[in-house]
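Peer 1: After the structure tokens below, expect a handful of questions from me.
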Amino acid sequence: MSVGNEMEIALLHALLPLAEERSALNVALHTFSRSYWATVENRACSTIYNHAVNDFTLLLALLWGGDGRNAVRAARSLYEHLVNYCFVSSDSGAAARYMGHEAVTHQIIAKSRKWLNMLSGAERRREEYRLAKLNRDSTKPYQAMLDTHGSKFIGDWARLDLYSRARLFGLEGDYDTYRLFSQVTHGSTGGVLGTVRSAEGQVVHRMGPSLELAIMAFPEGVSYFMELAERVDSLNGVPSVELVAALRALRNKWPEYRKACKDIDGYLWPEGPPASAMAIIGIFPGGRVRWYLHEPALKLIVAAIPPEDSEFYESKVKEELAASITRGLKWDEEGRPFTAAIPVPVAVRPGSTWLPDNGILMPRGPGAAGTGKSVFGNA
């Protein structure tokens, strides 16, 4: 079982006490959404609510899976949806621009022909026809919006930046959190929270979930959607008391969620830097030499391209092999080579397959060839 699967199972087990709040929330969200669609006629508002309810349900799934990077992205979007919902609710011109921006989307899609050559003849013709029709249907409204609002409309339907829009409704207090979460989306230095850590003077990069970001996304994302539900109640008259209560009950469980994530994160992070990949020279009976790249942490090995100064290292390892044979070393009965670790970087040989390392390496035993000491250290 992979570490990722173990983490998900452990997290699900730790979150069982939150199941009651999650179940109550699902019912309240469904009830509220049914009332919403039957009540609100403003298309801009209903479109933004569609974004929000889908991003919120996605947020919950991501949090339950420990996927902090994407949970932060969903929470960040919920803040934008909250601000935009208030903006189009209070300004009919903003609502019209918001809906008019759909023509920009259609024009971009209509011109997207990049992968059509991968389709079969009939399927490709159908898709070309669909895109051509989309282009014809959206050209007139697209041009009308540009004539009215100028070329800047293509990238900015709102006219005001997000912070200015947030200030109009007293939502600017969360803008710094939005900026923080944006670092993940934009690939800024701070966006690697939870996946990069220093250990014994070395930087450790972890591939996988960021539980640290999941902890941050939980209360923020739930709060943004709760604020949206309250605004919908005040702006559109859709009762949100039960939904808000369910959201608050879930948010109040954040300390338990935080503890579960921290406990699991402490297990996932190594106490020290993990073993680095290393170059291996293998010398087979008869003198054949092969270079490998070994991943000790994964117990995998793959054929590698010899470095430029490979002859120097090979000669040194052959000297070590000769001395070992003189001392009584025997070749491995299973055909594994004499091996030595070399402190040089090597690249994987193209087309090579990663294999279990015990097919090449073996523990050093008395009088046995295989992984052993050399002037370069241990393989």
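The values are calculated or read from the model by the stated rules, or taken from the named source; none is laboratory data. Every value quoted in this text rests on a predicted model; they were computed, and no experiment measured them. Cβ sites come from the backbone with ideal geometry, for glycine too, and all protein chains shown count toward neighbours.
Peer 1: Looking at Pro239, is it in the same structural domain as Asn84 (by TED's automatic domain parsing) and surrounded by fewer than 20 Cβ atoms within 10 Å (Cβ to Cβ)?
Peer 2: Judged against the criteria, Pro239 is a match.
Every residue, every condition in (1) without any contact (Cβ under 8 Å) to a residue 60 or more places away in the chain; (2) assigned by TED's automatic domain parsing to the domain that holds Asp67; (3) more than 30 Å from Ser89 (Cα to Cα); (4) of a type outside the set (Val, Ile, Thr), yes or no:
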| residue | (1), (2), (3), (4) |
| --- | --- |
| Gln183 | yes, yes, no, yes |
| Thr189 | yes, yes, yes, no |
| Gln202 | no, yes, yes, yes |
| Ser210 | no, yes, yes, yes |
| Ala214 | no, yes, yes, yes |
| Phe218 | no, yes, no, yes |
| Gly221 | no, yes, no, yes |
| Leu235 | no, yes, no, yes |
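Peer 1: Yes or no: Ser310 modelled with pLDDT under 95 and either surrounded by 17 or more Cβ atoms within 10 Å (Cβ to Cβ) or closer than 30 Å to His13 by Cβ (or both)?
Peer 2: yes
Peer 1: Would the range 90-111 turn up any residue that is surrounded by fewer than 12 Cβ atoms within 10 Å (Cβ to Cβ), small (Gly, Ala, Ser) and within 30 Å of Leu168 (Cβ to Cβ)?
Peer 2: yes
Peer 1: Something else now. Could you look through the range 159-174, keep only residues that are of a type in the set (D, E, K, R) and either at pLDDT below 95 or outside any helix (DSSP H, G or I) (or both), and pick out the one that is surrounded by the most Cβ atoms within 10 Å (Cβ to Cβ)? Reasoning before the result, please.
Peer 2: Of the residues in the range 159-174, the ones of a type in the set (D, E, K, R) are 159, 161, 165, 167, 172, 174.
With either at pLDDT below 95 or outside any helix (DSSP H, G or I) (or both) added as a condition, the list becomes 159, 161.
Details: Arg159: 15, Asp161: 10.
Step by step, filter the range 159-174, then rank; the result is Arg159.
Peer 1: For the range 54-76, does any single residue satisfy the condition of being closer than 20 Å to Ala229 by Cα, among the polar types (S, T, N, Q) and modelled with pLDDT of 95 or more?
Peer 2: The answer is yes; a qualifying residue exists.
Peer 1: What number of residues within the range 175-223 satisfy the criterion of being in a loop (DSSP other than H, G, I, E, B) and touching a Leu at 6+ places or on another chain (Cβ under 7 Å)?
Peer 2: Qualifying residue count, the range 175-223: 3.
Peer 1: While we're on this one: Just name the residue that is modelled with the highest pLDDT out of those in the range 324-360 that are among the β-branched types (Val, Ile, Thr) and either at positive phi or not in a loop (DSSP other than H, G, I, E, B) (or both).
Peer 2: Out of the qualifying residues, it is Val348.
Peer 1: Write out, first by first residue and then by second, each pair whose Cβ atoms fall under 6 Å of each other, whose residues are 6+ apart or on separate chains, and whose first residue, in the range 293-314, is assigned by TED's automatic domain parsing to the domain that holds Ala340 while the second is in a loop (DSSP other than H, G, I, E, B) and of a type outside the set (A, V, I, L, M).
Peer 2: Within 6 Å, the pairs are Ala297/Pro274; Leu300/Trp354; Val302/Ser352; Val302/Trp354; Ala303/Arg349; Ala303/Ser352; Ala304/Arg349; Ile305/Arg349.
Peer 1: From the set of residues in the range 1-34 that are modelled with pLDDT of 85 or more and crowded, with 18+ Cβ neighbours inside 10 Å, which is nearest to Pro239 (Cα to Cα)?
Peer 2: Phe32
Peer 1: Given the residues Tyr267, Tyr257, which is the only one that is of a type in the set (Ser, Thr, Tyr), surrounded by 20 or more Cβ atoms within 10 Å (Cβ to Cβ), within 28 Å of the chain's Cα centre (by Cα) and at pLDDT below 95?
Peer 2: Tyr257
Peer 1: Residues in the range 130-153: is at least one surrounded by fewer than 14 Cβ atoms within 10 Å (Cβ to Cβ) and under 26 Å from the mean Cα position of the chain (by Cα)?
Peer 2: Within the range 130-153, none of the residues are surrounded by fewer than 14 Cβ atoms within 10 Å (Cβ to Cβ) and under 26 Å from the mean Cα position of the chain (by Cα).
Peer 1: List, please: which pairs have Cβ atoms under 9 Å, are six or more places apart or on different chains, and start with a residue in the range 46-59 that is over 13 Å from Ser89 (Cβ atoms) and end with one that is modelled with pLDDT of 95 or more and surrounded by fewer than 18 Cβ atoms within 10 Å (Cβ to Cβ)?
Peer 2: Taking only residues 6 or more apart or on different chains, the pairs are Val53/Ser33.
Peer 1: Of the conditions (1) within 29 Å of Thr177 (Cβ to Cβ); (2) basic (Lys, Arg); (3) not assigned by TED's automatic domain parsing to the domain that holds Phe225, Lys114 satisfies every one except a single condition; which number is it?
Peer 2: Every condition holds for Lys114 apart from (1).
Peer 1: Only one of (1) touching a strand residue (DSSP E or B) at 6+ places or on another chain (Cβ under 6 Å); (2) modelled with pLDDT of 90 or more; (3) part of a loop (DSSP other than H, G, I, E, B) fails for Leu321. Which number is that?
Peer 2: Answer for Leu321: the failing condition is (3).
Peer 1: Scan Arg288, Arg231, Arg248 and give me the residue that is over 27 Å from Val204 (Cα atoms) and either at pLDDT below 90 or in the same structural domain as Arg349 (by TED's automatic domain parsing) (or both).
Peer 2: Arg288
Peer 1: Return only the number of the condition from (1) out of contact with any helix residue (DSSP H, G or I) (no Cβ under 8 Å at 6 or more places or on another chain); (2) among the acidic types (Asp, Glu); (3) in the same structural domain as Ala28 (by TED's automatic domain parsing) that Asp147 does not satisfy.
Peer 2: Against the list (1) out of contact with any helix residue (DSSP H, G or I) (no Cβ under 8 Å at 6 or more places or on another chain); (2) among the acidic types (Asp, Glu); (3) in the same structural domain as Ala28 (by TED's automatic domain parsing), Asp147 comes up short only on (3).
Peer 1: Please count how many residues of the range 319-331 are surrounded by 16 or more Cβ atoms within 10 Å (Cβ to Cβ) and of a type in the set (D, E, K, R).
Peer 2: 1
Peer 1: For the range 50-89, which positions are among the aliphatic types (A, V, I, L, M), under 24 Å from Gly208 (Cα atoms) and either buried (at least 23 other Cβ atoms within 10 Å of the Cβ) or under 12 Å from the mean Cα position of the chain (by Cα) (or both)?
Peer 2: Answer for the range 50-89, where residues must be among the aliphatic types (A, V, I, L, M), under 24 Å from Gly208 (Cα atoms) and either buried (at least 23 other Cβ atoms within 10 Å of the Cβ) or under 12 Å from the mean Cα position of the chain (by Cα) (or both): Leu59, Leu62, Leu63, Ala71, Val72, Ala74, Ala75, Leu78.
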